[in-house]
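What follows is a single structure, and I will ask about it in a moment.
The values are calculated or read from the model by the stated rules, or taken from the named source; none is laboratory data. In this text the structure is predicted, and so the values were computed from the model without any measurement. With ideal geometry, Cβ positions are generated from the backbone for all residues, glycine too; neighbour counts draw on all protein chains shown. Ligands, DNA and RNA are excluded from the accessible area calculation, which covers all protein heavy atoms including side chains. Shrake-Rupley method; radii C 1.70, N 1.55, O 1.52, S 1.80 Å.
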Amino acid sequence: MLTKEENDLLCRVEGDAPMGQIMRRHWLPACLIEEVPEPDSDPLKLRLLGEDLVVFRDTEGRVGVLDEMCPHRRASLVFGRNEECGLRCLYHGWKIDVEGNVVEMASEPPGTGLVEKVKHKAYPVREGAGFVWVYMGPAETMPEFEPPVFQPTPETRVSIAKIHIDCNWAQILEGAIDSAHSSSLHSSDMVPARVPGAAATDTNWLRPSTDKAPRMQVQRTSFGFRYAAIRKPIANPQTHDYIRTTLFIAPYSVLIPPNNLYNVAILHVPTDDTHTAFHFIAWGDAATTPATEEWRKFLHAQVGIDVDKHFIKVRNRANNYLQDRKAMKLGNFTGIPGIPNQDIVMWETMGPIADRTHDRLGASDLAIVEFRKQMLAAAQAFAAGGPAIGTVEPRIPHNKLMSFEGVVPKTTDWRVMGVTPEEMAHEAKSHAAE
């Protein structure tokens with residue numbers, strides 16, 4: 001369990017909170033490219049780390065991320081006109097470009113010089129892998145933008161399901177690194193089967209184990225940590241183990257074990273202290289990785305059916321997440337379709353910020369304990385003047401990281417399974433430097 005003070009340090013991201021300031025030292029997924037699809041399309045309201053912003057694509061196709069409120073009289077620019085390479089406030093016609101320059105002041109007489117004196121808050125932006133990325137930290141610490149973990153090559157297919165969730169980012173991320181829960185909560189979707197390794201169908205994920213109580217082992221790394229959930233396989237349990245490795249990539253990314261067709265990554269982007277933009281990503285070869293709509297259908301996260309056009313979910317606490325008790329009596333474990341929807345019920349019912357002072361953790365929570373230790377230490381170090389976790393050189397590019405799953409002989413060291421040559425060389429250098 002944590003103290004209340006530790007829990008706040010882990011969870012809170014608004015204003016000067018150390019965890020939020022750590023997030024600001026990294027490129028963050030602001031929104032999906034599909035949310036600002038074309039030049040002069042509708043502006044998008046965005047809230048990120050407790051800050052209200054507006055995103056727009058200008059006439060030339062450039063994307064801007066600005067303070068939502070007009071610098072003149074603080075009216076919302078979300079309702080502004082997106083025209084001729086700028087966002088024009090409806091109130092007095094002030095117009096602002098993607099870099100925060102006020103290029104027109106319709107309400108001001110010529111020659112006042114005010115237009116040269118006003119600069120609106122604008123953040124650096126990049127586009128890649130289906131996202132608009134934003135950097136919200138100090139200019140002097142801005143890192144080069146690099147391909148994310150789920151885009152090892154430009155040809156990689158990336159399919160993203162997005163859902164806005166009404167709780168804190170840390171309890172969602174703890175769910176992503178909790179391998180043990182999948183054998184219960186997702187047991188109607190992650191089905192034991194006599195298969196050589198994890199396999200995906202149109203309706204299920206199959207796995208070669210009935211073991212619901214995995215043994216957990218953790219390995220700290222330069223990017224966060226890697227852990228293994230070790231289960232008894234259905235075949236040859238005396239001589240083999242079924243191993244699933246998951247990577248926590250500080251501060252907000254998780255790479256979970258792949259299946260035979262594609263890989264899976266999860267991004268947890270704090271909207272504010274008590275809300276999170278959740279992204280569940282399938283990525284890999286275009287021949288075997290589901291396209292976006294197919295992926296969203298599999299997860300029951302389709303726009304217009306499960307979420308609205310702003311990715312606000314239909315299932316919520318007010319309607320009991322549309323849980324189907326009849327389906328439960330007929331054999332479905334949760335009565336809730338879709339892997340992320342099952343998780344959301346667990347996360348949100350913990351409360352806006354889970355009270356970790358009452359936790360009773362067990363052996364299966366080893367990764368949860370490691371996450372809390374690592375990120376609390378990172379927040380404390382940052383508050384004391386140290387660098388943000390994940391920013392210290394030398395660091396391995398995230399798109400050189402991989403997770404692993406498979407049935408292997410018991411003599412196999414899981415720590416080398418799925419490790420790329422680039423990561424192996426980097427970690428060797430890091431240990432030598434120590």
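Can you tell me which residue is most open to solvent (accessible area, probe 1.4 Å) among those in the stretch 110-157 that are among the β-branched types (Val, Ile, Thr) and assigned to a strand (DSSP E or B)?
Within the stretch 110-157, the match that is most open to solvent (accessible area, probe 1.4 Å) is Val125.
Continuing with the same structure: For the stretch 7-30, does any single residue satisfy the condition of being in a loop (DSSP other than H, G, I, E, B), open to solvent by less than 20 Å² (accessible area, probe 1.4 Å) and at positive phi?
No; the residues of the stretch 7-30 include none that is in a loop (DSSP other than H, G, I, E, B), open to solvent by less than 20 Å² (accessible area, probe 1.4 Å) and at positive phi.
Determine if the stretch 204-222 includes at least one residue that is part of a loop (DSSP other than H, G, I, E, B), within 30 Å of Ala378 (Cβ to Cβ) and open to solvent by less than 30 Å² (accessible area, probe 1.4 Å).
yes
On to the next question. All but one of (1) open to solvent by 20 Å² or more (accessible area, probe 1.4 Å); (2) more than 25 Å from Phe223 (Cα to Cα); (3) assigned to a helix (DSSP H, G or I) hold for Gln380; which doesn't?
Checking Gln380 against (1) open to solvent by 20 Å² or more (accessible area, probe 1.4 Å); (2) more than 25 Å from Phe223 (Cα to Cα); (3) assigned to a helix (DSSP H, G or I), the one that fails is (2).
Only residues that are hydrophobic (A, V, I, L, M, F, W, C) and surrounded by fewer than 20 Cβ atoms within 10 Å (Cβ to Cβ): list them for the stretch 31-47, please.
The first filter runs over the stretch 31-47 and keeps only residues hydrophobic (A, V, I, L, M, F, W, C), leaving 31-33, 36, 44, 46.
Those that are hydrophobic (A, V, I, L, M, F, W, C) and surrounded by fewer than 20 Cβ atoms within 10 Å (Cβ to Cβ): Leu32, Ile33.
For the structure I just gave you, tell me whether Asp324 is touching a Gly at 6+ places or on another chain (Cβ under 8 Å), crowded, with 18+ Cβ neighbours inside 10 Å and touching a residue at least 12 places away in the same chain (Cβ under 8 Å).
no
Hey, another quick one. Please determine, by comparing only the residues of the stretch 402-411 that are part of a strand (DSSP E or B) and surrounded by 14 or more Cβ atoms within 10 Å (Cβ to Cβ), which one is nearest to the chain's Cα centre (by Cα). Working first, answer last.
Within the stretch 402-411, the first condition is being part of a strand (DSSP E or B), and the residues that meet it are 404-409.
Next, from what is left, pick out any that are surrounded by 14 or more Cβ atoms within 10 Å (Cβ to Cβ): 404-408.
Working: Phe404: 19, Glu405: 21, Gly406: 25, Val407: 28, Val408: 30 Å.
Ranking the qualifying residues of the stretch 402-411, first place goes to Phe404.
Does Ser182 satisfy the criteria of being small (Gly, Ala, Ser) and either touching a Pro at 6+ places or on another chain (Cβ under 6 Å) or surrounded by fewer than 19 Cβ atoms within 10 Å (Cβ to Cβ) (or both)?
No: the conditions fail for Ser182.
Oh, and also: Do the conditions hold for Glu83, that is, is it touching a residue at least 12 places away in the same chain (Cβ under 8 Å), within 23 Å of Glu60 (Cα to Cα), surrounded by 15 or more Cβ atoms within 10 Å (Cβ to Cβ) and of a type outside the set (S, T, N, Q)?
Details: touching a residue at least 12 places away in the same chain (Cβ under 8 Å): yes; within 23 Å of Glu60 (Cα to Cα): yes; surrounded by 15 or more Cβ atoms within 10 Å (Cβ to Cβ): no; of a type outside the set (S, T, N, Q): yes.
So Glu83 fails the test.
One line per residue, one yes/no per condition, for (1) buried (at least 20 other Cβ atoms within 10 Å of the Cβ); (2) in contact with a helix residue (DSSP H, G or I) (Cβ under 7 Å, 6 or more places away or on another chain); (3) farther than 29 Å from Asn204 by Cβ; (4) touching a residue at least 12 places away in the same chain (Cβ under 8 Å):
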residue	(1), (2), (3), (4)
Lys329	no, no, no, no
Pro337	no, no, no, yes
His358	no, no, yes, yes
Leu361	no, yes, yes, yes
Lys373	no, no, yes, no
Ala384	no, no, yes, no
Gly390	yes, no, yes, yes
Glu393	no, no, yes, no
Lys400	no, yes, yes, yes
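Can you tell me how many residues within the stretch 237-272 are outside any loop (DSSP other than H, G, I, E, B) and of a type in the set (Ser, Thr, Tyr)? Don't jump to the end; show me each part of the working.
First pass over the stretch 237-272, keeping only residues outside any loop (DSSP other than H, G, I, E, B): 240-249, 253-256, 263-272.
Filter once more, so that each one left must be of a type in the set (Ser, Thr, Tyr): 242, 245-246, 253, 271.
Of the residues in that region, 5 qualify.
Another question about this same structure. Restricting attention to the stretch 277-293, does a residue exist that is farther than 25 Å from Pro29 by Cα and open to solvent by less than 10 Å² (accessible area, probe 1.4 Å)?
Scanning the stretch 277-293 turns up no residue that is farther than 25 Å from Pro29 by Cα and open to solvent by less than 10 Å² (accessible area, probe 1.4 Å).
Out of the stretch 48-66, which residues are open to solvent by less than 30 Å² (accessible area, probe 1.4 Å) and not in a strand (DSSP E or B)?
Once the filter is applied, which keeps residues that are open to solvent by less than 30 Å² (accessible area, probe 1.4 Å) and not in a strand (DSSP E or B), the stretch 48-66 yields Leu49, Gly50, Asp58, Gly61.
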